[in-house]
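Participant: Below is the structure I would like to discuss, written out as structure tokens.
The values are calculated or read from the model by the stated rules, or taken from the named source; none is laboratory data. Bear in mind the structure is a predicted one, so any value in this text is a computation, not a measurement. Virtual Cβ from ideal backbone geometry, glycine too; neighbours counted across all protein chains shown. Protein only, heavy atoms only, side chains kept; ligands, DNA and RNA dropped before computing areas. Shrake-Rupley method; radii C 1.70, N 1.55, O 1.52, S 1.80 Å.
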Amino acid sequence: QVQFVESGGGLVQPGGSLRLSCAASGSIFNIYVMGWYRQAPGKQRDLVATITRGGRTNFADSVKGRFTISGDNAKNTIYLQMNSLKPEDTAVYYCYGNLKTAPLSKTKDYWGQGTQVTVSS
């Protein structure tokens, strides 16, 4: 069984910063990609940022230059540093991972429960 636990969400004023963390645990053989998606009320879930085990990153255009993503492979943990936050960043942020639970298993996508980020004055 694999579990993703997110932390760090909350309420912040426009222009402020927040740092999200996501730790994966359980029966994990290898994690290939981890990242963050977000879903605002009434909208679809969209990519925010991803990072591969090798450190390659990818960002949505809307967050480039404001958000950074980093990871600690030994801890199966990733971090999303969010700076210069805007009201339109308000959403539930979901941690995501693509991994194998055994050497010969297929890769599978896993999701966390989500953490609320609200940007408002």
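Participant: If you rank Lys86, Lys75 by how much accessible surface each has, with a 1.4 Å probe, what is the order from largest down?
Facilitator: Numbers: Lys86 80, Lys75 130 Å².
The most accessible residue leads, giving Lys75, Lys86.
Participant: Next up: What's the magnitude of the charge dipole for the chain around its Cα centre, counting Lys and Arg as +1 and Asp and Glu as -1 at the beta-carbon? Answer in Debye, nearest 20.
Facilitator: Dipole of the chain, to the nearest 20 debye: 260 debye.
Participant: In what sequence, largest accessible area first, do Phe4, Phe29 appear using a 1.4 Å probe?
Facilitator: Phe29, Phe4
Participant: Quick check for the chain: number of Lys pairs with alpha-carbon distance under 21 Å, counting only pairs 8 or more apart or on different chains?
Facilitator: Here the count comes out as 6.
Participant: Between the range 71-104 and the range 18-36, what is the separation of their alpha carbon centroids in Å?
Facilitator: Taking the Cα centre of each part, the range 71-104 and the range 18-36 sit 6 Å apart.
Participant: Follow-up question, since we're still on this one. For the chain, with the dipole built from +1 on Lys and Arg beta-carbon atoms and -1 on Asp and Glu ones, taken about the Cα centre, which of Leu20, Val92, Ala60 lies farthest toward the positive end?
Facilitator: Most positive-ward Cα: Ala60.
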